[in-house]
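One structure is given below, encoded as C-alpha cells.
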Amino acid sequence: MSKIRGYIAIILLSFITINLWLLSKDNVSLIINLPMTSLSQIFALIGIVLMAVSLLLSTRIRIVEDIFGGLDKVYRVHHLIGVVAFIMLVNHPLLLVVQSLPDYKLALNYMIPGPDTSYNFGVFAQYFMILPFIFILLIKIPYNLWRYTHKLLGISFLFASLHAINISSDVSVYMPLRYWILFFIGIGLFSGIYTLIFYKNFGPRKIYVVKKTEQLLDIINIYLKPVGKKMNFISGQFAYFRFTKSKVSKEPHPFSFSGAPSEEDARISVKILGDYTMSAREISEGDVVAVYGPYGRFGEIYNDPVKKKLIWIAGGIGVTPFLSMLRQESVNSLGHEINFFYSFLKPEEAVFKDEIDKFSSGLSNVRIYYWCSSEKGKITAGKVAEITGEVTNAFVQVCGPEKMMVAMKEQFGELGLPEQHFFYEDFSMK
C-alpha cells in the first residue's frame, strides 16, 4: 500500500506539471501547429520534476522510506523514475532537432555547444546525463566506481536547471509554472548537496570500532563496539557501514545486522562476493566504522507482538537478518510460531548451523529446517507447504539471491498467500 501511495504521488506531480504547462499557453493552436516542440517541452518539464524526485529518493531520508515501505523499495522506484526522466530529457532536444529539419544549422544548435549560453547549459546537461547511464544500464563496473559515475547525474541536473531558468520559454513567462519548476529545482539541488556533502557528517550515524573479526569459509563476521551510544535498531534491519581507517573503500556499503539489538556489540556478516567485499579481509581490530541508519522494514512483521505463524526462508548469506531475529527471540521470545528454513548448496556452506542450533535450543515455538539443495533440490514454496502445512494464513519472509526471492513470491502467490503476507528485502550491491 505504501509503494502504491508513492507512485500515486509521482503521477500527481506529473499531472500538475502538464496542467500548468497547458495554462501557460495563450492559444491551443500553438500546441497543435508545433506538435514536436510541444511534446519536447512536456518531456523537459516532467523530466526535470522526475529527476528532482529521483535525487530526493537517493537521500535516505526517513520519511521517504516510510512512504514507500522500505529503502530497497525506494531505490527501485529511484531507478525506475530515473530511467523515465532520462528518456524524457534525452528526447527533449531530439524532438527539437526533428522539428528544425531541414535547417541543419538550427538542429546542431541543440546538440553542439555554441555562442548561446542558455542553450549550452542544456547541451552540457545531456552529456553529463548520458555518460553515467551508459555505466548504469550497459556496463557492469565495481560498486565504488559506479557510485562516482552516479554522481555525474547531479551535475547534469544542475546544468538542466540552469538551462530551464535561463532559456526563453513558458517557464520564463508564466509565473505559476516558473515557481513550480523552481520548487523542484530547489528539491533536486538540496538532495544532491545533502547526499554528496552533508550526509557523511550529519546523516543518522553512530561511531563504532572493530572489536574482532572471524572468517568462516567465505564469510567474515565483524564485531563492532560502540563509541558512545549504540545504534537503536530492530532485528531484521540493515545499515550503511563506512570503514574509515582500513583498506576497504571509504564509500558506505549496506549490510544487515546479524546480531541482536539487545546485544551491546553489533555484528555484521560479510560474504566475499565482489570488489568491495573482497577487501573485507583487510578489516582489522581497532578500525573505526561510521554506521548510518538503521534502515529497512523486513523485521517489522516479526517485531509485531501479535502472535502469528512465520515462515523464514534464508538462502546463503541471506540468513543474516534471520540470525538477528533468532538471537533476539532467544532473549525475549514473542511467541510466534516460527518455521526457519536455512538453504545452502553444499553441507560445508551451512556455516551458521551451530549458531542456529545454539540460539534455537529451548525455544519450543521455533522449528529449524536445514535445506541442502545439492541433496534435496531447490527449495520451493510447495515443499515448504508440505512441511509446515497450510500457508495461506502465514507470513513469509525470504532473504537470499534475487532469483530465489522472485521465484518464492510467485510460488507462494500460486498457493494462495496474500501479497501483503510476503516480505523480502533486496540489495544486490556487492
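Counted as qualifying within segment 151-267 are the strands (runs of 3 or more DSSP E) with 1 or more residues that are out of contact with any strand residue (DSSP E or B) (no Cβ under 7 Å at 6 or more places or on another chain), namely 205-216.
Can you spot a residue in segment 301-314 that is within 14 Å of VAL398 (Cα to Cα), small (Gly, Ala, Ser) and either open to solvent by less than 10 Å² (accessible area, probe 1.4 Å) or modelled with pLDDT under 95 (or both)? For segment 301-314, residues within 14 Å of VAL398 (Cα to Cα), small (Gly, Ala, Ser) and either open to solvent by less than 10 Å² (accessible area, probe 1.4 Å) or modelled with pLDDT under 95 (or both): present.
Do we find that VAL98 is open to solvent by 60 Å² or more (accessible area, probe 1.4 Å), farther than 26 Å from ILE197 by Cβ and in a helix (DSSP H, G or I) in this structure? Give the derivation first.
Numbers: open to solvent by 60 Å² or more (accessible area, probe 1.4 Å): yes; farther than 26 Å from ILE197 by Cβ: yes; in a helix (DSSP H, G or I): yes.
Spelling it out, VAL98 is indeed open to solvent by 60 Å² or more (accessible area, probe 1.4 Å), farther than 26 Å from ILE197 by Cβ and in a helix (DSSP H, G or I).
How many residues are of a type in the set (A, V, I, L, M, F, W, C) and open to solvent by 80 Å² or more (accessible area, probe 1.4 Å) if we restrict to segment 23-37?
4
Against the numbered list (1) in a helix (DSSP H, G or I); (2) modelled with pLDDT under 95, ASN27 comes up short only at (1). The single residue among LEU158, LEU177, LEU162, LEU182 that is open to solvent by less than 40 Å² (accessible area, probe 1.4 Å) and closer than 27 Å to ASN109 by Cα turns out to be LEU177.
Residue count for segment 232-265 under the criterion of being open to solvent by 10 Å² or more (accessible area, probe 1.4 Å) and over 28 Å from LYS353 (Cβ atoms): the result is 10. Within segment 372-404, the residues that satisfy the criterion of being touching a residue at least 40 places away in the same chain (Cβ under 8 Å) and among the hydrophobic types (A, V, I, L, M, F, W, C) are ILE379, VAL384, ILE387, VAL391, ALA394, PHE395, VAL396, VAL398, CYS399, MET404.
Would a scan of segment 306-322 turn up a residue that is more than 28 Å from ILE63 (Cα to Cα), over 22 Å from the mean Cα position of the chain (by Cα) and small (Gly, Ala, Ser)? No.
The values are calculated or read from the model by the stated rules, or taken from the named source; none is laboratory data. As the structure is a computational prediction, the values presented were derived from the model and not from experiment. Using ideal geometry, Cβ is built from the backbone for each residue, glycine included, and neighbour counts are taken over all protein chains shown. With ligands, DNA and RNA removed, areas are computed over all heavy atoms of the protein, side chains included. Shrake-Rupley method; radii C 1.70, N 1.55, O 1.52, S 1.80 Å.
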